[in-house]
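**Q** Please see the structure below; I have some questions.
The values are calculated or read from the model by the stated rules, or taken from the named source; none is laboratory data. What you are looking at is a predicted structure, and each value in this text was computed from that prediction instead of being measured. Quick reminder, even Gly has a Cβ in these numbers, built from the backbone with ideal geometry, and neighbours come from all protein chains shown. For accessibility, only protein heavy atoms count, side chains too; no ligands or nucleic acids. Shrake-Rupley method; radii C 1.70, N 1.55, O 1.52, S 1.80 Å.
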Number of protein chains: 2
Amino acid sequence: MERDFLKELEFLGVTARLKRLSDNLSYSIKDLYQQKDLDIEPSWHLVILLLKKQESSTMSEIADLLQLSQAAATKMLNKMIQKGYLISVRDEKDNRKKMIQLSDKAKLELPKFEKVWNAGQSSIRDILQSNTDFLNNLSDFEDKLKEKSFQQRALEHL
Amino acid sequence: MERDFLKELEFLGVTARLKRLSDNLSYSIKDLYQQKDLDIEPSWHLVILLLKKQESSTMSEIADLLQLSQAAATKMLNKMIQKGYLISVRDEKDNRKKMIQLSDKAKLELPKFEKVWNAGQSSIRDILQSNTDFLNNLSDFEDKLKEKSFQQRALEHL
DNA sequence: TATATTTGCTTAACCAGTTAAGTAAATATT
DNA sequence: AATATTTACTTAACTGGTTAAGCAAATATA
């Protein structure tokens, strides 16, 4: 077993390990898409699945549900529009809003996408098979941070 | 309780949740540093703690131990040098290598840094107090990915 | 009714990471 | 001894996030 400096750091390494894990998965998904000739980015599946479920949504609402800043949502959604996966229609009642929907291209390619996403889902299931508490632990971590931010907790320790 | 779309996605949302959690922590740490007037970035503590432990190291070795690409290490380390926290000396035996060490400034400010890092460590400890398995579950996830990448697993499901 | 505030989206400048291509020094090979 | 390969670091172009500032439309207020 080789040395793992981040593990050596124990509590001081947790943040970095979470980042490493998250990055590892993202780049792995990117590779997978490339290999399967899907011209999409990791994280786009969130938008597509959301719009499959609820047909149409505004940029702000998508930002909200995905817990991104509006600026991040703007960039991602405009790129998806530019790639032809989404269409945006100005809301007639409120001219500021852009209603976002799946394009015909997206609907057409959806089955191909879902095949790959389901394989990804199975992989996560595999990984967590012997690790049944992981999702609960993750939720617990999320809940704790929602209760009180890391920053606030740290300030109280100073 | 408000809606959490990422949780609704179950296994398809895990990656995004890990990213969200990791980002949340990073930006929280950034805020904390700003508030405590520490002119460092999140993740720099990894380098400083490493060099406190082992005095001197090359860029490649640091990249390796932190599990970053060499390009990422170059950028980070050069910025830290530029900020005056590190010094780099060319290895006399091998002129390609740059030996990296803590500067006097870094050593001087170390106690101030460590106070904040310890508070951060305590916060993580708090958060994980009722969640004793988290670190083990995290290790398990990491180990599983080391055994076989996400991508490879997904390909086997296709 | 005119003005002030809020809301929805955009843009700019920054953060941290990646891969790919490039340079120069050390090492291996022929 | 000359050439080819590997190694250490750098740079460029891209990913996807952030905050801050700005614009225009809708809404609230005086």
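**Q** Take the residues in region A:1-36 that are in contact with a helix residue (DSSP H, G or I) (Cβ under 9 Å, 6 or more places away or on another chain) and among the acidic types (Asp, Glu), then tell me which one is nearest to the other protein chains (Cβ to nearest Cβ).
**A** Once the filter is applied, the top-ranked residue is A:Asp31.
**Q** Take the residues of region A:131-157 that are within 7 Å of chain B (Cβ to nearest Cβ) and over 30 Å from B:Lys115 (Cβ atoms): which is most open to solvent (accessible area, probe 1.4 Å)?
**A** Filtering first and then ranking leaves A:Asp133.
**Q** Residues of region A:48-95 being charged (D, E, K, R) and more than 14 Å from chain B (Cβ to nearest Cβ), which ones?
**A** The answer is A:Glu55, A:Lys75, A:Lys79, A:Lys83, A:Arg90, A:Asp91, A:Glu92, A:Lys93, A:Asp94.
**Q** In the set B:Ala106, B:Ala63, B:Ala73, which member is more than 15 Å from DNA strand C (Cβ to nearest atom), assigned to a helix (DSSP H, G or I) and at pLDDT 95 or above?
**A** B:Ala106
**Q** Pairs please, first residue from region A:62-90 and not assigned by TED's automatic domain parsing to the domain that holds A:Ser103 and open to solvent by less than 30 Å² (accessible area, probe 1.4 Å), second anywhere and within 7 Å of DNA strand D (Cβ to nearest atom) and part of a helix (DSSP H, G or I), Cβ atoms under 8 Å, 6+ apart in sequence or on different chains.
**A** none
**Q** Additional query: Please determine, by comparing only the residues of region B:113-129 that are at the interface with chain A (Cβ under 7 Å from one of its Cβ atoms) and within 16 Å of A:Phe141 (Cβ to Cβ), which one is surrounded by the fewest Cβ atoms within 10 Å (Cβ to Cβ).
**A** Per the stated criteria, the residue is B:Arg125.
**Q** Checking B:Leu21 against (1) within 13 Å of DNA strand D (Cβ to nearest atom); (2) of a type in the set (A, V, I, L, M); (3) open to solvent by 20 Å² or more (accessible area, probe 1.4 Å), only one condition comes out false. Which one?
**A** (3)
**Q** Restricting attention to region A:1-46, report how many residues are in contact (Cβ under 8 Å) with a residue 40 or more places away in the chain and either under 16 Å from B:Gln121 (Cα atoms) or under 19 Å from the mean Cα position of the chain (by Cα) (or both).
**A** Going through region A:1-46 one residue at a time, the tally reaches 8.
**Q** Something else: A:Ile100: in a helix (DSSP H, G or I) and among the hydrophobic types (A, V, I, L, M, F, W, C), yes or no?
**A** For A:Ile100, the condition - in a helix (DSSP H, G or I) and among the hydrophobic types (A, V, I, L, M, F, W, C) - is not met.
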